[in-house]
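The values are calculated or read from the model by the stated rules, or taken from the named source; none is laboratory data. Keep in mind that this is a model prediction, so the values were computed, not measured. All Cβ positions, even for glycine, are placed from backbone atoms using ideal geometry, and neighbour counts span all protein chains on display.
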């Protein structure tokens, strides 16, 4: 029995081995595809890690310089650096964080002129996220009462309405939600959390940059693997069904098993090329996969099958 790497090398170099491969069971063929998708996802994760590393370094550098980190206390989520002064931090090209030491001092006049597309307005006991769409703002309030959450969650506001919203939340209470709509005051929640930990919970950006990078790369790898494997299986099933439906008269009475196994091994070059192209964010995986698959698929058919009636 030929090994996976022998099959991979042969399939990518030509069609000579395909008459032998169609004799493999579906289970073995799917396992080989699984292995290829796993290796491809590792390659995607490795290539993307270089881009991700730069992005995380930029973002964590800005956060570390602006805030240092955060401490969760009964008074709120407090920056480690200069927590008594308002500040604006550009985290990356599209995100900014505006900090105010007291929710009553929150001002949104800068948001009207900002070139950033989204951001966070933050005071120790209140946070809301915003996204700018044309001249409107979509807001997502956090650490807020249930009424504010329900009234303003992802609501689109004009600038004047945004100013009214900020005035409203200045009089609101800081609340966290435990198990659905069961709300608890933020101060009580922070007190219980820190008592359980035996100390105030703190987060220093400079200490966790590597950990976050590893976590993001792992998530990217898992997401890539699932996407590559599911899309590849889907198109193999699709082309198997289409071929068996419309080409029986041309190539004879092929079984589902033979055609599906053939499609799986034909997909090998498509998986590799599509994964590498996707890693650089040039074109989506499905488009590249279908194009490469079809080109190789018809080449395989011509080389290993003799149409009926042809001498």
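Just a few scattered comments:
- The set of residues in the stretch 192-240 being farther than 19 Å from residue 70 by Cα and surrounded by fewer than 14 Cβ atoms within 10 Å (Cβ to Cβ) consists of 214, 215, 218, 219, 222, 223, 226, 230, 234, 238.
- Qualifying residue in the stretch 68-82 (condition: touching a helix residue (DSSP H, G or I) at 6+ places or on another chain (Cβ under 7 Å) and closer than 21 Å to residue 117 by Cα): no
- Filter result for residue 175 (within 16 Å of residue 72 (Cα to Cα), at pLDDT below 75 and buried (at least 16 other Cβ atoms within 10 Å of the Cβ)): yes
- Just one of the listed residues (274, 220) is part of a helix (DSSP H, G or I), without any contact (Cβ under 8 Å) to a residue 60 or more places away in the chain and assigned by TED's automatic domain parsing to the domain that holds residue 298, namely 274.
- Count of the stretch 1-11 residues which are surrounded by fewer than 18 Cβ atoms within 10 Å (Cβ to Cβ) and within 17 Å of residue 269 (Cβ to Cβ): 4
This table checks each residue for (1) touching a helix residue (DSSP H, G or I) at 6+ places or on another chain (Cβ under 8 Å); (2) surrounded by 14 or more Cβ atoms within 10 Å (Cβ to Cβ).
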position: 13; (1), (2): no, no
position: 17; (1), (2): yes, yes
position: 26; (1), (2): yes, no
position: 46; (1), (2): no, no
position: 49; (1), (2): yes, yes
position: 54; (1), (2): no, no
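- Failed item in (1) surrounded by 16 or more Cβ atoms within 10 Å (Cβ to Cβ); (2) touching a helix residue (DSSP H, G or I) at 6+ places or on another chain (Cβ under 7 Å); (3) in the same structural domain as residue 195 (by TED's automatic domain parsing); (4) modelled with pLDDT of 75 or more, with residue 64 passing the rest: (3)
- Helices (runs of 4 or more DSSP H) fully within the stretch 1-90 that include at least 1 residues being under 30 Å from residue 194 (Cα atoms) and in contact (Cβ under 8 Å) with a residue 60 or more places away in the chain: 26-66.
- Any chance residue 96 is buried (at least 19 other Cβ atoms within 10 Å of the Cβ), more than 30 Å from the chain's Cα centre (by Cα) and closer than 19 Å to residue 127 by Cα: no
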